[in-house]
1. Only Lys, Arg, Asp and Glu count, each charged at its Cβ (+1, +1, -1, -1), so figure out the dipole size of chain B about its Cα centre, rounded to 20 debye.
2. Report, as an integer, the average count of C-beta atoms from other chains found within 10 Å of each Cβ along A:132-141.
3. Mind checking the angle between helix A:147-160 and chain A's longest principal axis? C-alpha axes, 0 to 90 degrees, to the nearest 10.
4. Scale the Cα Rg of chain A by the rule-of-thumb value 2.2 N^0.38 Å and send over the ratio, two decimals.
5. Pop a pseudo-label 7 angstrom from the Cα along the beta-carbon direction at both A:Ala27 and A:Ala240 and give the gap in nm to one decimal.
6. Taking the Cβ of B:Gly404 as the center, what net charge do the other residues with Cβ under 12 Å away carry, scoring Lys and Arg +1 and Asp and Glu -1?
7. At A:Thr59 and A:Arg220, where each label point lies 7 Å from the Cα along Cα→Cβ, what is the point-to-point distance in nanometres?
8. Tell me the Kirkwood hydrodynamic radius of segment B:195-269 in angstroms, computed as one over the mean inverse distance between distinct C-alpha pairs.
Amino acid sequence: MSRLVVENLQRSFGGVKAVRGVSFSLAQGEVLALIGPNGAGKTTCFNLLNGQLRPDSGTVRLDGVDLVGLPPRRIWRLGVGRTFQITATFASMTVRENVQMVFLSCRRRLFGLWQPAVGCFRDEAQNLLERVGMGAQADRPCGVLAYGDLKRVELAMALASDPKILLMDEPTAGMAPAERLELMALTSALVRERGLAVLFTEHDMDVVFGHATRIIVLDRGQLIAEGPPEAVRADERVQAVYLGTAA
Amino acid sequence: MSFYLVQFLSGLAAAATLFLVSSGLTIVFGVTRIVNFAHGSFYMLGAYLGWSLIERWGTTPLGFWGGVALASLAVGALGALMEVGLLRRLYRSPELFQLLATFGVVLVIQDAASYAWGSEDLLGRRAPGLKGSVDILDQPFPLYDLVLIALGPVVLGLLWLLFNRTRWGTLVRAATQDREMAAALGVDPAKLFTGVLFLGSALAGLGGALQVPREAVNLHMDMSIVVEAFVVVVVGGMGSLTGAFVASLLIGQLQAFGILVFPQITLVLVFLFMAVVLVIRPYGLLGRKEEAPPTAASPGPPLVLATGLVRWVPALLLLLLALVPLVAGDYALIVLTEVVILALMAASLHLLIGLGGLVSFGHAAYFGLGAYGSALLVKHLAAPMPLALAAAPVLAGVGALIAGWFCVRRSGLYFAMLTLAFAQIAWSVAFQWYGFTGGDNGILGVWPPDWAAGKAAYYLLTLALAGGTLFLLRRAAFAPFGYTLRAGRDSALRAEAVGIDVRRHQWYAFALAGSAAGLAGGLYAFSKGSVFPTLMAVPMSVDALVMVLMGGIQTLSGPVVGAALFHLLETEVMSLTEWWRLVLGLVIIVLVLAFPKGVAGFVRDLWMRRKEA
């Protein structure tokens, strides 16, 4: 069953049509890769989905609920988690506190003035960190972490809200090859465990073809191909886009 | 009709001076990102130096204009010296520390000018050849002002040529847009910054020297002009020269005609104007959206809840302070009472700066609202002290809730300037509404009842109330509320993406901080027995800022330490020498250079290092 249904999404910046009539859907248990050359409109697409940008037209529905026009925090509460291309964490807090923050927000405890925050949802946060392999670094400040580790923290933060959909913008950028496959294997496992649906962008084709269950290809704002990895790999238009030969 | 024309021309002449000063400020800010409080002091120095040179040689046109130029160049050299000797060492520090350093320079220049020229107003010689006036539609208008009117566009044109037609100007613009990229391309930013400070300061000095024939030179010129220049820069859009020019013209006219149309609210008109502009145009008239607005501090290391014995230090300190009346005399108790009140004031500001990354230039407004709230209740309704004290945080909190709603919609320096605007509005109400607030006569006779009238009794009451509030603020900082505030500061993007309404949180924090400052204000009113508009004035806001920064923004004990240090320094030095500003300014400069993380931050780092070793 499709959870996220995107129909005819459009967005331009000035005269540039960054996203032109993109439609796709995402079902529970899927790991859907959104690929395309630089400037194809992948990040714009993500920003349209999680509410950072407002589409000029088109609809985005999550389990039938229209998301267009809602601010990011409302979309998040409806069950769309996100990791960023350039990691964004709370640098003045420890790794565990970063995850605790998300739990506090989820359970609407942000306005507490009395109970110390370090004690709130400590075990839950620790468990999640163990799951993504950051348990041992839970007490380190986020500001000093290696980039690959930050990506894991972001994943734990995204999972803390128990989302239905996870948007991951280049989840393995800046990681070593071994780390990349490890993180994607973890993501795939989480999808099975938690009944998630993941939409991710990625430049590393090993990651894409190794872990995506389905692939959609974006070029100059338009979807040019969609299907299982083998089919997309064989698609002539995709090859043309990536290899530069005339289609 | 002719009267209005002359009024219009006077407005243009005032705008010219304003433009000279604010163009310098906007250039310095655009390139170095430094909020240069000393810019007004350079203007004042320009006026004093100009006065001396004109007294000496100003009988001939060459001597007069030569003197003006020389004064301007000398002030420019001083600005360059400040960059080399002070600011250059602070480029890696949080941006607010540069602001603190320039404030130290303000104090030093104040006393230096007072030492060199005395505190009397100095009337300067008129410009030779331009002493007379011309009749414009039968109204006399000073010739000199006509020259000034022409000077504004000329300077704008020259600056435009400098920045668009010379290699140096191109490099400066490159560095403004992307400092790191310019450095990577082999441009030495340090040299560029020295040049920019020279240029900006020279413009301020020129503006000052040109004022000599128009108004008396005095020691108050620095603060009034720097606040106005900030308003111009913000209204015009930060870093935009044309914006500064347009804003100068608008504000010049606003002042010229405002006095005719709204004589009761002249003081506040400019700030109301700025507030309206910022609400409508978030980045000023010609400003562009900032990629990275100036921040309070790079996010520091995590706050750590003290454990073990250290946990009891605040309680122990409170106990010790409570025992002080057993040994101390009245004078010491008065000073200590003030320290405790200011500690609460500084801690409330720290909630905004340290946790929220929100730098307020107008926190005194809420201190003053609390003080005036209490005093007015006592004066007009004969309210008893407990009621008046209870009302202080409520009134200030409501005031902060209203002002905060507007302020948190902007960030960085624009936020700071909006808070300043609201503070100035509150101040001018207290200053100009004689019937209700007593104007600059203040409100007298706000004394505690008999049971709290003794110095020891009032000290203990203050300690209990302020100590209790400090404890609550501390709890809030470690509770989810404080964490959420920090989350919004660390990464607003991430915070919004995990369901946090950053603006709403900042708004509540603003109200909470205002409320705590209001209680401090109420306590202050009863400790002094009187309130005056100065409680809400710019220097009070700046003092609070200095306390927070001196103590260090990365620890919760910082503001308390800073308030104690600042107030004791001020009262002690003041009793020893009349040059207390000089000493205080030098102390601030030394502290900034020696402890770029603030005193409390330094001590904590030392402690941490020892623990690790």
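FYI, it's all coordinate maths here, none of it is from the lab. Being a predicted model, the structure only gives us computed values, none of them experimental. FYI the Cβ positions are ideal-geometry reconstructions off the backbone, even for glycines, and counts take in every protein chain you see.
1. On the way: 36 positive and 30 negative charges, 319 e Å.
Dipole of chain B, to the nearest 20 debye: 1540 debye.
2. On the way: counts 0, 0, 0, 0, 0, 0, 0, 1, 1, 4.
Per residue, the number of nearby Cβ atoms from other chains is 1 on average.
3. Approximately 80 degrees, to the nearest 10.
4. Working: Rg = 18.3 Å, N = 247, 2.2 N^0.38 = 17.9 Å.
Relative to the rule-of-thumb radius for its length, chain A sits at 1.02.
5. 3.0 nm
6. Numbers: positive: B:Arg409, B:Arg410, B:Arg503, B:Arg504; negative: none.
Within the 12 Å Cβ shell, the charges total +4.
7. 3.0 nm
8. Numbers: mean 1/r = 0.0724 Å⁻¹.
Computed over Cα pairs of segment B:195-269, the Kirkwood hydrodynamic radius comes out at 13.8 Å.
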